[in-house]
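Everything below concerns the one structure shown next.
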Amino acid sequence: MKILGIETSCDETGIAIYDSEQGIIADALYSQVELHEEYGGVVPELASRDHVRKAIPLIKQVLAEANCSKDDIDAIAYTKGPGLIGALFVGVGVGRSLAYAWDIPAIGVHHMEGHLLAPLLEDDKPEYPFVALLVSGGHTLLVDVQALGEYKILGESIDDAAGEAFDKTAKIMGLGYPGGPAIAKLALNGRAGIYKLPRPMTDIPGLDFSFSGLKTAVANLYMKSDKSEQALADIAYAFQEAVVDTIFIKCRRAIEQVSVQSSLREGEVDAAISKNKPALVVAGGVSANVSLRQKLSELLESKGGKAYYPRPKFCTDNGAMIAYAGYARYQAAQNGNGEFEEPAIRAKPRWPIEEL
């Protein structure tokens with residue numbers, strides 16, 4: 001079975017083909033970073049127009065790379081939401097129209113479910129159930145995943161998500177867009193202990209995230225600094241460390257909450273977690289951060305479990321994760337555990353993952 005995946009939720013046009021026996025057999029990604037860089041963020045109208053220009057050529061390219069024709073494609077998966085409404089409509093329109101013309105099923109995919117399932121594209125993949133940390137663009141979520149479509153949100157961002165905090169902090173410091181790679185690169189030359197930034201909402205119970213205050217703290221630090229290269233590196237280091245520590249603390253809490261029954265005595269917690277061998281899936285653009293990966297991997301190892309990540313090229317938005325999620329949904333529908341999309345062009349810019 002071969003599934004064509006189409007991703008157009010924001011500023012990257014991703015197309016891929018997933019083969020049920022071989023995995024991803026072709027994928028292409030066009031990033032609009034240069035288009036939006038001068039504005040310091042994504043301009044929705046420009047993003048939509050660029051998806052219109054790139055979607056069909058990339059589909060033709062991927063079909064050629066996979067040595068496939070339209071007759072080889074069994075279904076089309078496209079990102080239905082959440083995302084920018086105009087950008088979504090491009091992928092939805094193209095995906096639904098091709099499915100209608102080729103007389104094959106179409107599957108509307110939840111963008112964050114695509115990220116959540118991306119690590120399953122790897123040879124070393126997690127098994128259900130697991131905890132998922134999704135850090136992509138405007139989303140930071142901790143999710144209890146029992147099975148495909150059985151999701152319970154444990155915590156989420158109540159203002160700026162981690163990705164937004166990286167972008168806004170980079171803009172404050174004049175580092176350009178996107179902010180994540182720029183800050184991570186600058187932080188390599190930063191010194192530990194020079195600046196101390198807050199770890200938001202870690203001193204109170206709960207699993208929600210808030211990064212707007214951290215961004216403000218960085219702005220104040222930047223204004224007071226001498227703006228030298230070393231000062232900027234030290235601020236970048238402190239900021240990245242604060243984000244990573246905050247996420248680490250929340251993930252540790254989530255693992256304990258999911259793995260341990262409330263009736264256990266405090267002294268038995270670590271033993272119970274280790275016995276359950278917890279699994280943590282980390283996906284989304286920020287999951288490519290080396291410091292974050294290292295710290296979360298060490299956390300899971302210390303508890304007898306394991307952290308799973310997609311390969312770096314599948315951390316950002318991409319067609320491969322949509323193609324795979326479409327395949328998983330196709331299989332569920334075939335087995336009577338789901339439905340195919342009705343033949344209508346509909347996008348859902350706001351779409352809670354718990355509605356799946």
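Ligands, DNA and RNA aside, Val282 has an accessible area near 0 Å² when probed at 1.4 Å.
Probe radius 1.4 Å, ligands and nucleic acids ignored: give me the carbon and sulfur share of the accessible area of the chain as a rounded percent. Carbon and sulfur together cover 48 percent of it.
Against the criterion of solvent-accessible heavy-atom surface with a 1.4 angstrom probe, Cys251, Cys10 sort, most first, into Cys10, Cys251. Extension gain for Leu46 to Ser228 (0.36 nm times residue separation, less C-alpha to C-alpha distance): 62.0 nm. The mean sequence separation of alpha-carbon pairs under 8 Å and at least six residues apart, normalised by the residue count of region 1-81, gives a relative contact order of 40 percent.
At a probe radius of 1.4 angstrom, the accessible area of the chain per residue rounds to 45 square angstrom.
Looking at the chain, the DSSP beta bridges with both ends there are about 60 percent antiparallel. Sorting Trp102, Trp351 by solvent-accessible area of protein heavy atoms yields Trp102, Trp351, largest first, with a 1.4 Å probe. Relative contact order of the chain: 25 percent, from C-alpha pairs under 8 Å at least 6 residues apart in sequence. Please pull out the direction-averaged projected area of region 1-106, using the convex hull of its alpha-carbon atoms, in nm² to one decimal place. The number I arrive at for region 1-106 is 6.3 nm². For region 98-175 and region 290-352, what is the centre-to-centre distance using only Cα atoms, to the nearest Å? Spelled out, the Cα-based centre of one part sits 6 Å from the other.
Shape analysis of the chain places it in the oblate category; the axes a ≥ b ≥ c from the Cα gyration tensor give an a/c of at least 1.5, with a/b not above b/c. The accessible area of Lys250, taken with all protein chains in place and a 1.4 Å probe, comes to roughly 0 Å².
A straight chain from Ser20 to Ile158 at 0.36 nm per residue would run longer than the Cα-Cα distance by 45.9 nm.
The Cα trace of region 1-54 gives Rg and Dmax of 13.5, 43 Å, the first to one decimal, the second as a whole number. Can you give me the solvent accessible area of Arg329 with a 1.4 Å probe, rounded to the nearest 10 Å²? Its accessible surface works out to 60 Å², give or take rounding. For region 190-248, the spread of Cα positions along the three principal axes, ordered from largest to smallest, is 38, 19, 12 Å.
The values are calculated or read from the model by the stated rules, or taken from the named source; none is laboratory data. Being a predicted model, the structure only gives us computed values, none of them experimental. Areas reflect the complete protein model, heavy atoms only, side chains present, ligands, DNA and RNA absent. Shrake-Rupley method; radii C 1.70, N 1.55, O 1.52, S 1.80 Å.
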